[in-house]
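For reference, the structure is listed below as structure tokens.
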Amino acid sequence: MPEAVIVDIVRTAGGRRNGALSGWHPVDLAAETLKALADRNDLDPMLVEDVIMGCVMQTGGQSLNVGRNAVLAADWPEEVPSTTVDRQCGSSQQAAHFAAQGVMAGAYDVVVAAGVEVMSLVPMGASIGSGFGIPFGSAFQRYKDVELYPGQKGLVGQGVSAEIIANEAGLSREDLDAFGVRSQKLAEQATTEGRFDNEIIPVVSKIKDKETGEIKMLGEMVTRDEGIRPDTTMESLAKLKPAFVPDGKVTAGNSSQITDGASAALIMSAEKAKELGLTPRARFSTFALAGVDPVRMLTGPIPATAKALDKSGLGVNDIDHFEVNEAFASVVLAWAGVYEPDMSKVNPNGGAIALGHPLGCSGTKLMATMLNELERTGGRYGLQAMCEGGGMANATIIERLG
């Protein structure tokens, strides 16, 4: 069986909502990551047999197969095909699964897994459309959900799910806020120390005027994640009101940020990399998926991690780096309560609370951070887990090479 390897992986910085990347069209922003992969690796794009693009809100500027349009916007050959996939927040992590699995099956030699979400332009919920309503609430409830969660009238939004998880795990508001502070401090430290420098590609700042819709190019290059708030303290977070449930624990300060961004990974067979004179940086070891109760939808990383470890024959102590997406602090803390990892290995450069969560982009974005951190520390194995809307999760284990 061919071995699937990562040759390179890049991302843009995370742009704050209505911030430095808000004027970018998703197609063009995604194209920047494709061009960077080709340029950094002196790669002929004609060799790429597919581009698998993760994107959640596939409407407006992200509709009509945003992956294919990004290929064309990157000025790659027309012969390079693309598809766009949606596994909610894990969309580009799933794109990486599909890409690597295609290599291992012998269907691809060279493939790109990528992701994009410009949430300033295409906000959450935009793809629902009219006539059907939001896919939770009384019109979509299951009898089981009404029995278990009578106050919720069926399926719920993710913020409510985060509250349910916090309560079930016995997490206090202080626990969640402390994790929020941790994310901000670690992200600032990582930025200051240049830990993201090898993964972030500079793109010019484009801001969309909220009143006129005019796109303003400021001429500045965006090379730093905009969402980091290094001055965050327990005292400042304590002042924030609950975001989803009256008297709840989940606030904007212990939840992921709405963010704009794109990311992409160059994946190929080890044999093809050798033929092209490229040095693989990591290999794909293990893939796992999980489905859970769609009301308690954010618990998916717990069984997904169990499946990945079981398939790999590894234990928690064998993993040198964990990336568990910080959709909400309660997600990571509930996961950690089960596995009891060395927390210095869990999101050591901060996570989505500080760096943002550009939905379809986040899977390959986190993988970029994980790979670079394994290289920095000399670690061997990294495990990435992502909770996903509707009660799903992806888990991936990679092994650093070299």
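The values are calculated or read from the model by the stated rules, or taken from the named source; none is laboratory data. Everything quoted here is computed from the prediction, not taken from an experiment. Glycine gets a Cβ as well: all are built from the backbone with ideal geometry, and neighbour counts include every protein chain shown.
For this structure, a couple of remarks:
- Of the residues making up the range 171-221, those that are exposed (fewer than 13 other Cβ atoms within 10 Å of the Cβ), of a type in the set (G, A, S) and in contact (Cβ under 8 Å) with a residue 12 or more places away in the chain are S172, G219.
- You will find that of N317, N254, the residue that is modelled with pLDDT of 95 or more and more than 24 Å from G14 (Cα to Cα) is N317 and no other.
- One residue stands out in the range 59-68 among those that are in a loop (DSSP other than H, G, I, E, B) and of a type outside the set (G, A, S): the one that is nearest to W24 (Cα to Cα), namely T59.
- Filtered residues of the range 282-307 (kept if among the aliphatic types (A, V, I, L, M) and either within 13 Å of C387 (Cα to Cα) or in contact with a Leu (Cβ under 6 Å, 6 or more places away or on another chain) (or both)): A282, A288, L289, A290, V292, V295, M297, L298, I302, A304
- Test: T59 is more than 30 Å from E188 (Cβ to Cβ) and modelled with pLDDT under 95: yes
- Hey, V250 touching a Phe, Trp or Tyr at 6+ places or on another chain (Cβ under 9 Å), within 25 Å of V56 (Cβ to Cβ), in a loop (DSSP other than H, G, I, E, B) and not basic (K, R) or not: yes
- Here the condition is being assigned to a loop (DSSP other than H, G, I, E, B) and β-branched (V, I, T); of V27, V112, V71, V56, it holds for V56 alone.
Conditions (1) over 26 Å from N18 (Cβ atoms); (2) modelled with pLDDT of 95 or more; (3) in a helix (DSSP H, G or I), marked per residue:
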| position | (1), (2), (3) |
| --- | --- |
| T33 | no, yes, yes |
| L43 | yes, yes, no |
| D75 | yes, yes, no |
| E79 | yes, yes, no |
| S92 | no, yes, yes |
| A95 | yes, yes, yes |
| A99 | yes, yes, yes |
| Y108 | yes, yes, no |
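- Entirely in the range 298-379, the helices (runs of 4 or more DSSP H) that have 3 or more residues that are farther than 20 Å from A162 by Cβ and free of Cβ contacts under 8 Å to residues at least 60 places away in the same chain: 301-312
- Residue in the range 85-105 that is surrounded by fewer than 22 Cβ atoms within 10 Å (Cβ to Cβ) and among the hydroxyl-bearing types (S, T, Y) present: no
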